[in-house]
Amino acid sequence: MKWYQPDKRWEIWGITTKEEFVDKYVVPGKFHDKVPKDVIEAFETVTYLMAHAYYHYEMLDVAVEKALLIMELALKLKAHQLKIPLKQKPNKKEVVYDKSLNTLIREVCKQKELSFLEPELNRARQWRNTKMHPKKHTVSGPIGYPHRNAKLFVNIINKLFMSNEQLSQIASKQKELQEKIKKFDYGLFILELTQRKILFTTIYQTKFLKLGSVEITLVFIQPVLKDVVSAIKNYDHTPLVIGFSKISIDNHRITGKDINGDAIHIYPNVNPENIPVWKQYERDWESLTEYEKREFNQLNAREALWKIEELTYQNCWN
């Protein structure tokens, strides 16, 4: 039967087997025990839709549409927990309407501990509006990053149903880490991991998350590239994001273990042989146009955010 024949369009993306497809594009729901059962059960359908896209390419888009509706469901369930009415007050004609999704996001995120989720929820809302009100038939497929967005949605939903105490602890630790990494704003440093030494200039960002005994700190680093010009021309801006399961920052040194349990050390460079490499990197960077610099930074930051979401999905939830 034609419905159970692999869609040959996946060959364009280098997918030749069902196992390859599942490994790359199917996202199982991973939720902690405070996420409502309705959300968990509904997301199971998203996973099945993704899996069956192997036979019909367009089903990957349908999976994302279903995930967006689940985001709306999760928000309404959270509003109910917070005793936020889902209905507006009666109008002059005594007609009662549902609150808009925009209004619910604003009211839920008035809670101090949830305010950080407002930009992500609004991005999902805008995408939902586009998907729910199409002007013509379009297919995004992998270009729309369905697997990445599904993991992002799982992360948002999990955070939405964490306790205020947990979120407050995370915010406090996050603030502490951000203050400490200011010492790594710019310079020449060495990252030592699994018998490798990597030169880098900046720690751009840290993200901290803790759920029960699981604790992860994600660090976005700018390595010293050997050939900046080629990286720009070839769109090679794979960011360096390190996941710590344990981390300690003492002055200009960072020690800890990565998510695989391997030791990590970060410290200032003291080897004079590394200085010419750094200076060449700076000269190459200055040779770029302002447009090239801006494009590199934007794409690098965007890829880093996706990597952070990927590591969060893989390591934080049940």
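The values are calculated or read from the model by the stated rules, or taken from the named source; none is laboratory data. Every value quoted in this text rests on a predicted model; they were computed, and no experiment measured them. Because the Cβ atoms are built from the backbone with ideal geometry, glycine has one as well, and the counts that use them run over all protein chains shown.
Here are some notes:
- Failed condition for residue 139, given (1) in a helix (DSSP H, G or I); (2) of a type outside the set (S, T, N, Q); (3) touching a helix residue (DSSP H, G or I) at 6+ places or on another chain (Cβ under 7 Å); (4) over 22 Å from residue 247 (Cα atoms): (1)
- Meets criteria (more than 23 Å from the chain's Cα centre (by Cα) and of a type in the set (D, E, K, R)) for residue 65: no
- Test result for residue 259, at pLDDT 95 or above, under 18 Å from residue 196 (Cβ atoms) and of a type in the set (A, V, I, L, M): no
- Residue within the range 110-117 that is assigned to a loop (DSSP other than H, G, I, E, B) and at positive phi present: no
- Only listed residue being among the hydrophobic types (A, V, I, L, M, F, W, C) and over 16 Å from residue 256 (Cβ atoms), chosen from 219, 229: 229
- Screening the candidates 175, 112, 78, 183 for the property of being crowded, with 18+ Cβ neighbours inside 10 Å, at pLDDT 90 or above and among the charged types (D, E, K, R) yields one hit, 78.
- Members of the range 1-40 found to be in a loop (DSSP other than H, G, I, E, B), over 20 Å from the mean Cα position of the chain (by Cα) and either on the phi > 0 side of the Ramachandran plot or of a type in the set (A, V, I, L, M, F, W, C) (or both), listed by number: 1, 14, 15
- Close pairs from the range 173-202: first over 16 Å from residue 267 (Cβ atoms), partner of a type outside the set (Asp, Glu), Cβ under 6 Å, at least 6 apart: 173/208; 174/208; 177/206; 177/208
- Filter result (of a type outside the set (A, V, I, L, M, F, W, C) and more than 12 Å from residue 274 (Cα to Cα)) within the range 188-200: 192, 194, 195, 196
- Criterion (within 21 Å of the chain's Cα centre (by Cα) and farther than 19 Å from residue 315 by Cβ) met by exactly one of 128, 106, 148: 128
- Of the strands (runs of 3 or more DSSP E) lying entirely inside the range 152-251, those containing at least 1 residues that are more than 23 Å from the chain's Cα centre (by Cα) and farther than 30 Å from residue 288 by Cβ span 240-250.
- Here residue 85 meets each of (1) more than 30 Å from residue 163 (Cβ to Cβ); (2) part of a loop (DSSP other than H, G, I, E, B) with one exception, condition (1).
- Extreme residue, nearest to the chain's Cα centre (by Cα), among residues of the range 283-298 that are surrounded by 13 or more Cβ atoms within 10 Å (Cβ to Cβ) and part of a helix (DSSP H, G or I): 297
- Apart from one condition, residue 107 fits all of (1) closer than 30 Å to residue 21 by Cα; (2) surrounded by fewer than 17 Cβ atoms within 10 Å (Cβ to Cβ); the exception is (1).
- Flag for residue 305 being farther than 19 Å from residue 194 by Cβ, aliphatic (A, V, I, L, M) and touching a strand residue (DSSP E or B) at 6+ places or on another chain (Cβ under 9 Å): yes
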